[in-house]
1. If A:ASP183 meets every condition in (1) within 16 Å of the ligand (Cβ to nearest atom); (2) surrounded by fewer than 16 Cβ atoms within 10 Å (Cβ to Cβ) apart from one, which number is that one?
2. More than 28 Å from B:HIS13 (Cβ to Cβ), over 42 Å from the mean Cα position of the chain (by Cα) and touching a residue at least 40 places away in the same chain (Cβ under 8 Å): is that true of A:PHE385 in this structure?
3. Would you pick out the residues in segment A:288-303 that are near the ligand (Cβ under 9 Å from one of its atoms) and free of Cβ contacts under 8 Å to residues at least 60 places away in the same chain?
4. Scan segment B:174-190 and give yes if some residue there is under 28 Å from B:GLU159 (Cβ atoms), part of a helix (DSSP H, G or I) and modelled with pLDDT of 95 or more, otherwise no.
5. I'm trying to understand the selection: among the residues of segment A:304-319, which are away from chain B (no Cβ under 14 Å), closer than 14 Å to A:ASP255 by Cα and either in contact (Cβ under 8 Å) with a residue 40 or more places away in the chain or not in a loop (DSSP other than H, G, I, E, B) (or both)?
6. B:ALA162: in contact with a His (Cβ under 8 Å, 6 or more places away or on another chain) and either assigned by TED's automatic domain parsing to the domain that holds B:VAL237 or modelled with pLDDT under 95 (or both), yes or no?
7. Report yes if some residue within segment A:345-360 is more than 29 Å from A:ASP403 (Cα to Cα) and either more than 12 Å from the ligand (Cβ to nearest atom) or in contact with a Ser or Thr (Cβ under 6 Å, 6 or more places away or on another chain) (or both); otherwise report no.
8. Out of the residues in segment A:186-212 that are small (Gly, Ala, Ser) and within 16 Å of the ligand (Cβ to nearest atom), which is surrounded by the most Cβ atoms within 10 Å (Cβ to Cβ)?
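The values are calculated or read from the model by the stated rules, or taken from the named source; none is laboratory data. Keep in mind that what you see is a predicted model, and the values were worked out from it rather than measured. In this analysis, Cβ positions are derived from the backbone assuming ideal geometry, glycine residues included, and neighbour counts consider all displayed protein chains.
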Amino acid sequence: MDDRQFDALVAAASDAAVPDDRPGVDFDGLRVDQTDDGFAFETPETTATGLSRGELRDRADDSPYVRNWFFWEWTVRSHDSPRRAFCRRAEGAPIVADAADDADGSDGDADAGDADAGDTDGSDADSDTESHSVPERDAALREGMVTEWGQLRIEATLAADGTRRYEVRHVDEADADPATLTDHDDPLDAREIAERDARDRYRPLKTAPTLAGGWRFPDLDWQGLARTVETFYPATVANWYREQTGELDVDHWRDTVGRQSGIYGVVKTWDRGEGYDHVNWVAEACCDDSQCVKRREWQYDDETDLDVDGGDGAFPCREPCSVVVAAARKWTRLESEQPETYEFELTPSEKEQLEATLDAVADGRVDEIREADVKDDANRYRARFLRAKLFDDDGNLGGVPTDQPEG
Amino acid sequence: MSQALVLVAHGSHLNPDSSTPTYEHADTIRDTGAFDEVATGFWKEEPSLREVLRTVESDEVYVVPLFISEGYFTEQVIPRELRLDEWDVADWDSDGISADVATYTAEDTGQTVHYCGPVGTHRTMTDVIVRRAETVTDDPAVGEGFGVAVVGHGTERNENSAKAIQYHADRVRDTGRFSEVRDLYMDEDPEVDDVTDFFEVTDVVVVPLFVADGYHTKEDIPEDMGLTDDYRTGYDVPETVDGHQIWYAGAVGTEPLLADVALERAADAGADVGSAVADVREATQVAAGDAGGDHAPASEGRADDGRAGTEADD
Ligand code: SF4
């Protein structure tokens, strides 16, 4: 540790010049106090009292607890902020315990225990990231600790001065040679990266699993990390943090649809008091992990869960998004039609071919089907053959008009 | 006490150009350093209006709608989605173009939210229209011998929309700088289709009062005015129509100076913006030689909701 960091530790231990309202050094298992007979230095592994300044320096030098304290309590601070919590997650540090610790930060005695407990049961704090002790984290950070957030791969490492640096890249490019990736340092560059998919198509839903690769943010500080992630996936850090602290507000389908107005007001009429199958279908169509990396937490209403799984995303979706509401408007109109009986003949293989073609479109598989792979039911030549055979000149399947004459 | 500026706009599910000006104006304002945080929120993109307040940590938040007129979005959708539960349109005490600010505590975050009137009705929007004329003609002194047409939707969906057009057309005329100034509309008389009938001077700058380029500004208006039969093939700036030279400027909201109007809105609402207004005004000035020429064809595809600047009911 350098002189500046040691001076910070001494200043904090003596309650002088503490940069916010957290007096003393009492964090993640480390306690340092200045008393009448010298300094007291305590970690889960060691306790020493009556230390001279020089002796304290010997203890502090190369202590993972002190490095940890300096980064979180002197550099980052920002207690109770989603961004701090997000960076804690990136190294498997307790999040909720950290927040609780903070809430009663003035009560020095209780804190060491809290922080300590947080280390051992940190899995409660964040179910998708395992929590580690401070020395374990310190050692792991030297190698690099990897977490994921949607399609982002985040690697936290220990800088020479004990602070953290972060690399962000596409999850599918974990092993890519950095020389093949374009480096960025401005978090706002993420806006442009996220605008279009690998085939240059506009991505209206930022959390669609269609993020293109080919880029890297090689060396972000903690604020840069938070801002980059929030640019790729707006508001996800804030909502995840609310969930971690038990304060996520979920607006269910009925709530969200109920407050629509203008051209979207019509969606209310889709709920006809005849169950919620239609909403199951919406969720299956749009919110499945294959379509959106958020974990859907909204249900039909606060008493009625949907039958469809919400997915495994790291961060929650707290209400139907605008893409879903806009699609629901279309479905409201389509689903108001009454079924008709149409009669035409298909061979068993033709029926299966139609099913496979619908599947291929629904699964976004059309582009993968090779031109000459006529064994694939959704192959283009196969589709064109079927159309040539079954459609009349007006495009009616089996020559049967869509609007049937009365009676 | 930290302060944030939040620009809120329509956005689009189909057209990425819809949000581009919003991002650019946010960047311009961010670079002035006048606010601790600058964020953007959208009706159709992310973060949603519903969640945008969560993305800023400041206690004082100035929300400026990048919309042209007061109406459905500014009066119903935005306050509802931001969860300004105490919102009452009467608090703006507006005659349809005079909304300034109303202040509430956001139900969601506890922040103090200064909800400002839209950029489109602020008096300095007139300056942006003039600047737009300078940009498109590539002449910082444009005026004498030129006409200006300020184009809007019309009253069909929202009477305040036409009021805003008239207001700015009057103000441009009052500067005495241009030879002729008219307000024209897409869906009522005087119609933009007949633009050449309304001007005696040869050169006419046409400025649509829209926040972003989309279907109306890239497809409808150019075709209606006869700049092109098919927007996909593009047109020149200026383009000759019936013996007139039409300098079609595209959406006024894409003009960099619009950032200034957002700053003015926030300053009027009590934000401390230091010298940012003057700084932006200077930084965005037209340097001769950076505009005009061919107008690229409009981007592919028809935008469903690219009419970001209007009070269309979507
Ligand atoms: S509503 Fe569904 S598709 Fe939209 S963001 Fe939430 S989970 Fe994703």
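1. (1)
2. Answer is no for this residue.
3. Across segment A:288-303, the qualifying residues are A:ASP288, A:ARG295, A:ARG296, A:GLU297, A:TRP298.
4. Among the residues of segment B:174-190, at least one is under 28 Å from B:GLU159 (Cβ atoms), part of a helix (DSSP H, G or I) and modelled with pLDDT of 95 or more, which makes the answer yes.
5. Selection gives A:THR304 alone.
6. Yes.
7. no
8. Looking at residues that are small (Gly, Ala, Ser) and within 16 Å of the ligand (Cβ to nearest atom), I get A:ALA194.
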